[in-house]
Amino acid sequence: MIKAQTLQDLFKRYRRPGDLFYSIICVVFSLFLAFNLRAETTWVDNTKLFAQPAFWPYVAVSAMTVFSALHLVSSVVSPKLDGRWQEVGFWLRSVEYAGWFMIYVITVPQLGYLPTTVIFAVALCLRLGYRNARYLGSAALFAVVVVVIFKSLLQVKVPGGAIYELLPTALRSFFLTYF
Amino acid sequence: METFFAGVELLMRWDVALALFIGSVGGVVIGAIPGVGAAVAIAILLPATFSLDPIVGLTMLLGIYGSSMYGGALPAILINTPGTAVNALTTYDGYPMTKRGEARRALALAYSASFWGGIFGILCLIFLSPVLALVAPHFGSREIFLAALLGIILVVLAHRGQVFAAGGLAGFGILLHTVGLDTKYNQRMTFEQTWLTGGFDLIVVVLGLFALSQAFLLLTEKDSAPDPQPVDGSMFGAMKEMWLYKRVATVASGFGVLMGMIPGVGEFTAQFMSYTYARRTSKTPDDFGDGAPEGLIASEAANNAVPAAAMIPLLALGIPGEALTAMMLSVFYVHNVIPGPQLFQTQLDFVYALYIAMILLNVIVIIFLIFSTNMLTKIIQVPTRFLGMVILILSFVGVYSLRNSVIDCAIASGFGVLGLVLKRLNLPIVPIVLGMVLGGIMEVKLRSAMIRVKQPLDFVDRPIAAILAVMIVLVILMHIRTLRKEHKARLSEAEIDHDLHDSQTR
């Protein structure tokens, strides 16, 4: 929903709760990189400055350090916004779905693309609170359509599942190629 | 003319026609669903297009890029939620028109203004091609370096209100490009980790920042399902009204072309300038923001003129101006088609084929929209968390099919969480992507440019290099001037909107 009250608001990005926390993390990360620059880059003898392998990492880390320090200062001097820790909590809650994604990634080579995608789609729908057969059926159907389009038709590189080795010979090669 | 027909011939294939149709219609549907957007769709489809011919893959991606903004106007007008980020301004006048029972009129004006802008942008591109073919060869290493530097500076300064954060993120993008082994096998920023030796793949980063972050965001937020009302009556008849506002549409398209050509600027600046112009020259300026047709037309014509114009720096100089063209650049590279000055000399038929494909996609889209608006209102009713699940499953194909690497997926997940944090903070993602791409270009071009430079001023002793250097200085000075003006006219803290902006979460 658009909540900007003026045209200027629509094009300008104002601070949100969590900005200070983010700016502190950025400064710490930039300083960590800055302290490690010497050890992590190479200065080659008899080579001009702009051709040095270390030149661009120095430029990048310097930009990060200066800008994140300025961002931190602007956050510190700005009035405090309520809801900082709720916002950080929201960021952390999203990590759960990164975990779901990684479980999906690890399971595909074992169970195969088609079975894993169908199980994953339905399981995630249940986790999201959909109990209705219409949604669960749609999720399973969607999973099948995705596999057919990408693996069977477009032949994208997704390996066959280890479980397919248990299938009879005729079916095995069919599943390994198409699902 | 012979080259033009050679370009037409390139398109006369069933697979190109199919890609164009899928891209155009798919782009409208994707654009119409709030929470997806062209960037997410292109990021997901990118690896799948690598196995296709360059003309097929690029036609499909161009179709999505050019048509998503048409679709994005639909929810912007009907439910006050922009389908894509650049349709945010459309809500300003589109939704008030819907509230007073003029939904069909608003949609028809948006579609026809989009078509006007789209075709105007492509015609400009076609007429500019001979000029580009003449000028582009004068861009040597130092000119391309300066153009890329200008792009980085503009993308940072364009994020008004968050310039420091945007600068830090652009620096982070440049850093990501440097990680790994350089051309002479020196380790850079690898921290003795073998998984960092190969560096960060642009597609993995883009998929994480755009697609996975959007999936995580939708999955973590509360569920909601838009419920737009169907639109009655003939769309075609209502579209004729656009002719009354052809001046505004043409000027807005002109702003779109101008801003689209400049790397790092894009749709938002074009819209801002068009909208300001339309309001200033209107007989009823007070109606703006309250359902003014000219406001709606200014917004839609400007943003649809940008995709064609954004192809100019990409094709002529190999410099992407924003995230979507940066993604397309990787398709060129994968197929060993190197955009830049040589492209106009050696593969002009290919360039013409892309232009014709863009015209065709606009025609396909407008015909599709005339007949399918009510069908689209049903598609956009998908609940947001279900949509998150859909994006997550599709993102897997994008990341995993690249190299079947679990590490790539883990990196993409990490960038997904980072993208979510940035979106929640109203901070931009584009500087990271452009920093990564332009950082690579700048490193190579600066190294080769400096071979012939003895004194610092030698760097700008050629006319184009001097113009670009002056532009860089002017842009910075103008920004400082704007900052001073804004500081004097700043809003009080209580008046500032600290809510999450929908226009800034894509």
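The values are calculated or read from the model by the stated rules, or taken from the named source; none is laboratory data. Given the structure is predicted, the values throughout are model-derived calculations rather than measurements. Don't worry about glycine lacking a Cβ; one is built from the backbone with ideal geometry, like all the others, and counts go over all protein chains shown.
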(message) So the check is Cβ under 7 Å with 6+ separation or different chains; which pairs have a first residue in the range B:404-426 that's facing another protein chain (nearest Cβ under 7 Å) and more than 16 Å from A:Ser23 (Cβ to Cβ) and a second one that's buried (at least 23 other Cβ atoms within 10 Å of the Cβ) and basic (Lys, Arg)?
(response) none
(request) Would you be able to say whether some residue in the range A:80-89 is more than 20 Å from the chain's Cα centre (by Cα), aliphatic (A, V, I, L, M), more than 30 Å from B:Ser51 (Cβ to Cβ) and within 9 Å of chain B (Cβ to nearest Cβ)? (result) yes
(message) When the residues of the range B:159-178 are narrowed to those that are surrounded by fewer than 24 Cβ atoms within 10 Å (Cβ to Cβ) and out of contact with any Lys or Arg (no Cβ under 6 Å at 6 or more places or on another chain), which ends up nearest to B:Val444 (Cα to Cα)?
(response) B:Leu176
(request) Could you tell me which numbered condition B:Gln381 fails, if it satisfies all but one of (1) touching a residue at least 24 places away in the same chain (Cβ under 8 Å); (2) surrounded by fewer than 23 Cβ atoms within 10 Å (Cβ to Cβ); (3) assigned to a helix (DSSP H, G or I)? (result) (3)
(request) Could you check B:Leu446 against (1) closer than 30 Å to B:Glu143 by Cβ; (2) more than 7 Å from chain A (Cβ to nearest Cβ); (3) touching a residue at least 12 places away in the same chain (Cβ under 8 Å) and say which number it fails? (result) (2)
(request) Check whether at least one residue in the range A:70-81 is of a type outside the set (Gly, Ala, Ser), surrounded by 14 or more Cβ atoms within 10 Å (Cβ to Cβ), out of contact with any Pro (no Cβ under 6 Å at 6 or more places or on another chain) and not assigned by TED's automatic domain parsing to the domain that holds A:Val27, and report yes or no. (result) no
(request) Quickly run through the range B:259-280 and pick out the residues that are in contact (Cβ under 8 Å) with a residue 12 or more places away in the chain and either among the charged types (D, E, K, R) or in contact with a Lys or Arg (Cβ under 8 Å, 6 or more places away or on another chain) (or both). (result) B:Glu267, B:Arg279
(request) Tell me which residues, restricted to the range B:359-375, are surrounded by fewer than 24 Cβ atoms within 10 Å (Cβ to Cβ) and of a type in the set (A, V, I, L, M, F, W, C). (result) B:Ile359, B:Leu360, B:Val363, B:Ile364, B:Ile366, B:Ile367, B:Phe368, B:Ile370, B:Phe371, B:Met375
(message) Quick check on the range B:407-416: of everything there that is aliphatic (A, V, I, L, M) and touching a helix residue (DSSP H, G or I) at 6+ places or on another chain (Cβ under 6 Å), which residue is surrounded by the fewest Cβ atoms within 10 Å (Cβ to Cβ)?
(response) B:Ile407
(request) Looking for whichever is more than 15 Å from B:Phe172 (Cα to Cα), touching a Cys at 6+ places or on another chain (Cβ under 8 Å) and not β-branched (Val, Ile, Thr) here; the options are A:Phe101, A:Phe35. Which one fits? (result) A:Phe101
(message) One residue is enough: does the range A:116-123 have a residue meeting the conditions facing chain B (nearest Cβ under 9 Å), buried (at least 19 other Cβ atoms within 10 Å of the Cβ) and of a type outside the set (A, V, I, L, M, F, W, C)?
(response) yes
(request) Would you be able to say whether some residue in the range B:36-52 is in contact (Cβ under 8 Å) with a residue 40 or more places away in the chain, crowded, with 24+ Cβ neighbours inside 10 Å and in a loop (DSSP other than H, G, I, E, B)? (result) yes
(request) Would you check if B:Tyr70 is hydroxyl-bearing (Ser, Thr, Tyr) and within 13 Å of chain A (Cβ to nearest Cβ)? (result) no
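For every residue, the table says whether it meets (1) in a helix (DSSP H, G or I); (2) more than 27 Å from A:Ser68 (Cβ to Cβ).
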| residue | (1), (2) |
| --- | --- |
| B:Val390 | yes, yes |
| B:Phe396 | yes, yes |
| B:Tyr400 | yes, yes |
| B:Ala410 | yes, no |
| B:Val417 | yes, no |
| B:Val421 | yes, no |
| B:Leu427 | no, no |
| B:Val433 | yes, no |
| B:Ile441 | yes, no |
(message) Quick check on this structure: which one of A:Tyr97, A:Tyr113 is among the hydroxyl-bearing types (Ser, Thr, Tyr), farther than 29 Å from B:Val421 by Cβ and at the interface with chain B (Cβ under 10 Å from one of its Cβ atoms)?
(response) A:Tyr113
(message) Condition check: surrounded by fewer than 24 Cβ atoms within 10 Å (Cβ to Cβ) and touching a Phe, Trp or Tyr at 6+ places or on another chain (Cβ under 8 Å). Does B:Ser141 satisfy that?
(response) no
(request) Working only within the range B:1-24, note down all residues that are β-branched (Val, Ile, Thr) and over 13 Å from B:Asp53 (Cα atoms). (result) B:Thr3, B:Val8, B:Ile22
(request) Filter the range A:82-94 down to residues that are of a type in the set (D, E, K, R) and surrounded by fewer than 18 Cβ atoms within 10 Å (Cβ to Cβ) and give me whichever is nearest to B:Leu418 (Cα to Cα). (result) A:Arg93
(request) Exactly one condition in (1) more than 13 Å from chain A (Cβ to nearest Cβ); (2) within 27 Å of B:Pro431 (Cα to Cα) is not met by B:Met242; state its number. (result) (2)
(message) As an exercise: evaluate B:Ser492 against (1) surrounded by 10 or more Cβ atoms within 10 Å (Cβ to Cβ); (2) at pLDDT below 65; (3) not β-branched (Val, Ile, Thr) and give the number of the one condition it does not meet.
(response) (1)
(request) Look through the range A:124-144, keep the residues that are touching a helix residue (DSSP H, G or I) at 6+ places or on another chain (Cβ under 6 Å) and in contact (Cβ under 8 Å) with a residue 24 or more places away in the chain, and return whichever of them is farthest from the other protein chains (Cβ to nearest Cβ). (result) A:Ala143
